[in-house]
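A quick write-up on the structure given underneath.
The values are calculated or read from the model by the stated rules, or taken from the named source; none is laboratory data. If you're wondering where the values come from, they're calculated on a predicted model, not measured in any experiment. With ideal geometry, Cβ positions are generated from the backbone for all residues, glycine too; neighbour counts draw on all protein chains shown. What goes into the accessible areas is simple: the full protein's heavy atoms, side chains included, and nothing from ligands, DNA or RNA. Shrake-Rupley method; radii C 1.70, N 1.55, O 1.52, S 1.80 Å.
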Amino acid sequence: MKIYNSLTRQKDEFTPLREGRVGMYVCGPTVYDEPHIGHARSAYNFDIVRRYLRYKGFDVLFVRNVTDVDDKIIAKAKSAFSLQPSALSLEEATKEVSKKYLDAYHRDMELLGIAAPDREPKATEYIPKMIKFIELLIRNGCAYPSGGDVYFDIKKAANYGKLSNQNLDKMDSGGRISPGESKKNPLDFALWKSAKALEPSWESPWGRGRPGWHIECSAMSSDILGDEFDIHGGGIDLIFPHHENEIAQSEGAGKKFARYWMHNGLLTIKGEKMAKSLGNFITIQGFLAKYGDGDYLKLLYLNTHYRHPVDYTAEKMMEMKKEKERFVVLCEKVERVVTAAVIARRPAEGGVDEASGLAARQAIPKHNSELNNFRKRFEEAMDDDFNTPAALAALFDLVTFINKLMHEKEDFTDRELEDIMQAKALLSGLGEVFGLTVSRTTYAPDAAFNESDILKKIDQRNAARQAGEFKRADDIRKALDETGIILEDAKDGTIWRRKV
C-alpha cells in the first residue's frame, strides 16, 4: 500500500510505526460559521482513509481537533454584540458562537454519514498543555517572550520550508512585521498572544493571553498519539504556514512528529473559489435541502482523486444523482428477484426451504474468481494512494456484472441466486468503505400512497390499459411519479420503485 507523502513529494510504501496500528491526526474545523461543502470534502476524504485502513485490518486511532478560540470566532462574537446587545460578556459570547457552530458541524457530518473521529480535542481544553509545550520551546532556545507575547524563532528551525518546498532566504526578503508585533524576524510566528480588552484569555507565565493557532495541533497530536505518529492530514491550503509551523514547533521540542503527510485538494464552484461575496457559498444544509441525499456529494468527491481540486456544478450533481440511481435500482432488482425465488420455492404448508436462507450465505467462495477480481481491482486502486475514481469504476463494473446475471431471466437455479446475492453483498460491503448507502432511497412516498395503495394503483392502471383507457392509465402513472414512485413494465408484470 502506497501513500503520496507531501513531505517526500512521492508515493511512499506505508509502514505504520506499530504493526497493525495507525495513529492519524487531521486538522479539523475552526467553528465560526455554518459548515459548507468544502468542509465536507476534507472530512469525507479522511473518513475514507480511516475506513479503508480498518477494512485492511488496522486498528486506527483517528484524532481530529476543533479550534474553538480564534480571531474569527471572536470577531463573530463581536459582530453578534453589535447587532443584538446581550447580557453575555465577550468571552461568554465567544463560547456561545463556538458551541453553536460546532453543534452545526456535528449535525451536518452525521447527516452526510461521515463518521465522527475517535478523539476530538478542543483548543480550550488544551491550554495548560500548550503552555507547557511553549515553555519547553523557550528552554530549548527555539522561542522567546516579547512584551507579553511568545514567538517561535524561525531561524532556529532546521530545514524550515521542507514541507512546502520553500526557501527561507526568499521568504525572509518578502516578510514584514505588522504594527503591534514585537518579534525579531518577520517570519517568526506567535505561540502565545497577550490578552486584549474583553477577549477570552488565560493565565500564563507571560501574563494573560491565549495560544496562537499552530501550537494547538502540536500539543494535541503529541499528547494523544505520541511524539511520533503515522499520518497527518488536512487541506492543501494548510501546508503553509500551518503545517510547516507545526513541524518547526514539534521538532524544536525534540519530537519526531508525523511520518506521512496527506493533503486534499480544494473545492471550487463553477471554477471559482467559494465565497459569500461571490454568492456561491453552499452550506451543507443548503445542499441537503436542494438534493436530499449526501451520497450525491460523496460521489462527486469519489470521482476525483483526493489530491486534486474538484469543481462543483449543478450539471455534475445531476450526473451524481444518476450514478446513485444505478446502485439503488440494482439493489432493488436483486431484492425482487431473490424474494420471488424464495416465495416460489417455499413449501405450500409451513416451513422454509433451503432457498430462504440465501440472504444469510453471503461469504464469497474462493472459486468465484469473477467476484474476487472485482474485490482485487477495488483494493489495488485504494492501495495506490486511495485512488477512489478507479475503485469507484470497479464498483460500477460490478453493478453491470450483477445486472448481466439477472438479464432477461425469470427462473434461477439455487447456484445462480447465490451468485447474485454474493455479488450484491460484495457491492454493499465495498460501498461501505466509501460510506455509501447503495440500497437507500431518498424519497419517501406520500402518506396517501403506502405500499398497499401503490399496488392498488398499479392494478387500476393495468385494468385501464386492458380497457383501452390509456389517458387514465397515464394519469395514474403521473400521480405516482409526482409522489416519488416510478413504475416499470417488465415481462412478469409492473414493478415499482422510489426515486433516488
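Quick one: Debye curve from the alpha-carbon atoms of the chain only, equal weights, vacuum; give me log10 I(q)/I(0) at q = 0.11, 0.12, 0.13 Å⁻¹ to two decimals.
-1.01, -1.14, -1.27
Of Lys456/Lys478; Lys316/Lys424; Lys122/Lys255; Lys100/Lys193; Lys324/Lys409; Lys155/Lys183, which pairs sit farther than 19 Å apart, going by alpha carbon to alpha carbon? Could you put the intermediate results ahead of the total?
Numbers: Lys456/Lys478 15 Å; Lys316/Lys424 27 Å; Lys122/Lys255 21 Å; Lys100/Lys193 25 Å; Lys324/Lys409 25 Å; Lys155/Lys183 12 Å.
The answer is Lys316/Lys424; Lys122/Lys255; Lys100/Lys193; Lys324/Lys409.
Residue farthest toward the positive end of the dipole of the chain, with Cβ of Lys/Arg at +1 and Asp/Glu at -1: which of Gly271, Asn185, Gln249?
In the chain, that residue is Asn185.
Determine how large the accessible area of His36 is when every protein chain is in place; take a 1.4 Å probe and give Å² rounded to the nearest 10.
About 40 Å², ignoring ligands and nucleic acids.
Around Gly235, which amide H atoms from residues at least 5 apart in sequence, or from another chain, sit under 5 Å from its own amide H, with H modelled in the peptide plane?
Asn264
Read phi for every residue in the stretch 256-269 and hand back ³J(HN,Hα) as whole Hz from Karplus 6.51 cos²θ - 1.76 cosθ + 1.60, θ = phi - 60°, with x for Gly and Pro.
Values per residue, Gly and Pro as x: 6, 6, 7, 9, 10, 10, 10, 9, 8, x, 8, 9, 10, 10 Hz.
Quick one: order Arg139, Arg119, Arg51 from most to least accessible surface, probe 1.4 Å. It would help to have the intermediate numbers written out before the result.
On the way: Arg139 170, Arg119 110, Arg51 50 Å².
Largest accessible area first, the list is Arg139, Arg119, Arg51.
Which one, Gly20, Val399, Met220, projects farthest toward the positive side of the charge dipole computed for the chain from Cβ point charges (K/R +1, D/E -1)?
My answer, from the dipole projection, is Met220.
I want to check the label-to-label distance for Glu125 and Lys376. Put each point 7 Å from Cα in the C-beta direction and report it in nm to one decimal.
Each label point lies 7 Å from its Cα, and together they span 4.5 nm.
Using θ = phi - 60° and the Karplus curve 6.51 cos²θ - 1.76 cosθ + 1.60, what whole-Hz ³J(HN,Hα) does each residue of the stretch 45-51 get, with Gly and Pro shown as x?
Once rounded to whole Hz, the list reads 4, 7, 5, 5, 4, 4, 4.
As I understand it, the dipole of the stretch 42-159 uses +1 on the Cβ of Lys and Arg and -1 on the Cβ of Asp and Glu, about the Cα centre. Which of Ile127, Leu88, Leu112 lies farthest toward its positive end?
Leu112
At 222 nm, what helix-only mean residue ellipticity would the chain give, in deg cm²/dmol to the nearest 500, using -39500 (n - 2.57) for each DSSP H run of four or more?
Values: 15 runs with 228 residues, N = 500.
-15000 deg cm²/dmol, from helical runs alone.
Residue by residue through the stretch 240-253, which ³J(HN,Hα) values in whole Hz follow from phi under the Karplus form 6.51 cos²θ - 1.76 cosθ + 1.60 (θ = phi - 60°), with glycine and proline marked x?
For the stretch 240-253, the Karplus-derived couplings read 10, x, 4, 6, 4, 6, 4, 4, 4, 4, 5, 5, x, 8 Hz, x marking Gly and Pro.
Can you list residues whose amide H is under 5 Å from Val22's amide H, if they're 5+ apart or on another chain and H is modeled 1.01 Å from N?
Residues meeting the criterion, in which the H sits 1.01 Å from N, are Asp59, Val60, Leu61.
Taking every eigenvalue of the Cα gyration tensor of the stretch 1-157, multiplying by 5 and rooting it, what semi-axes result, largest first, whole Å?
Semi-axes (√(5λ), whole Å): 32, 26, 13.
Which FRET efficiency, nearest 0.05, do Phe396 and Arg336 yield, Cβ-Cβ r, R0 25 Å?
Working: r = 21 Å, r/R0 = 0.83.
Taking R0 as 25 Å, the efficiency between Phe396 and Arg336 is 0.75.
Can you compute the FRET efficiency between Thr494 and Lys155 using 1/(1 + (r/R0)^6), with r the Cβ-Cβ distance and R0 = 60 Å? Round to the nearest 0.05. If you can, show how the numbers build up before the last one.
Values: r = 77 Å, r/R0 = 1.29.
The calculated FRET efficiency here is 0.20.
Any chance you could look up the accessible area of Phe281 with a 1.4 Å probe, heavy atoms only, rounded to 10 Å²?
Only protein atoms counted, so the area is about 60 Å².
With a 1.4 Å probe and all protein chains kept in place, how much accessible area does His106 have, in Å² rounded to the nearest 10?
Around 70 Å² of this residue is reachable by solvent.
To check you understand DSSP bridge types, tell me what percent of the beta bridges within the chain (both residues inside) are antiparallel, rounded to 5. List each step's numbers first, then the result.
Working: 25 of 48 bridges.
Percentage antiparallel, nearest 5: 50.
Based on Cβ point charges of +1 for Lys and Arg and -1 for Asp and Glu, what charge dipole magnitude is obtained for the chain about its Cα centre, in debye rounded to the nearest 20? Provide the component values of the computation, followed by the final result.
Numbers: 74 positive and 77 negative charges, 158 e Å.
Its charge dipole is roughly 760 debye.
Taking H placed 1.01 Å from N in the peptide plane, check which residues at least 5 places from Phe229 or on another chain put their amide H under 5 Å from its amide H.
For Phe229, whose amide H was placed from the backbone, the distant partners under 5 Å are Phe257, Ala258, Arg259.
Counting only heavy atoms of protein chains, what accessible area per residue, in Å², does the stretch 157-274 have with a probe of 1.4 Å?
Values: 5050 Å² over 118 residues.
That works out to 43 Å² per residue.
Taking the chain as the reference, fit the longest principal axis to its C-alpha atoms, fit the long axis of helix 414-433 to the helix C-alpha atoms, and give the angle between the two in degrees, 0 to 90, nearest 10.
20
Pairs to check: Lys95/Lys129; Lys56/Lys256; Lys270/Lys290; Lys196/Lys256. Give those whose C-alpha atoms are more than 23 Å from each other in this structure. If you can, show how the numbers build up before the last one.
Working: Lys95/Lys129 20 Å; Lys56/Lys256 26 Å; Lys270/Lys290 17 Å; Lys196/Lys256 34 Å.
Flagged as over cut-off: Lys56/Lys256; Lys196/Lys256.
Please label the shape of the stretch 36-122 as rounded, prolate or oblate, based on the square roots a ≥ b ≥ c of the eigenvalues of the alpha-carbon gyration tensor (a/c under 1.5 means rounded; beyond that, a/b larger than b/c means prolate, else oblate). Walk me through the intermediate numbers first.
Details: a/c = 3.52, a/b = 2.64, b/c = 1.34.
Because a/c hits 1.5 or more and a/b exceeds b/c, the stretch 36-122 counts as prolate.
At what distance in nm do the modelled label points of Asp411 and Ala116 sit from each other, each positioned 7 Å from its Cα along Cα→Cβ?
5.4
Can you give me the % of accessible surface on the chain that is carbon or sulfur? Probe 1.4 Å, all protein chains present, nothing else counted. Walk me through the intermediate numbers first.
Details: 11830 of 23680 Å².
That share works out to 50 percent.
Note the angle between two axes, namely the Cα long axis of helix 314-345 and the longest principal axis of the Cα atoms of the chain, as a number of degrees from 0 to 90, rounded to the nearest 10.
40
Modelled label-to-label distance, Asn462 and Arg208, 7 Å Cα→beta-carbon offset: nm?
In this crude spin-label approximation the distance works out to 7.9 nm.
Using a 10 Å cut-off on Cβ atoms, rank the peptides 43-50, 422-429, 374-381 from the highest mean neighbour count down.
On the way: 43-50: 24.2, 422-429: 20.6, 374-381: 17.4.
Highest mean packing first, the order is 43-50, 422-429, 374-381.
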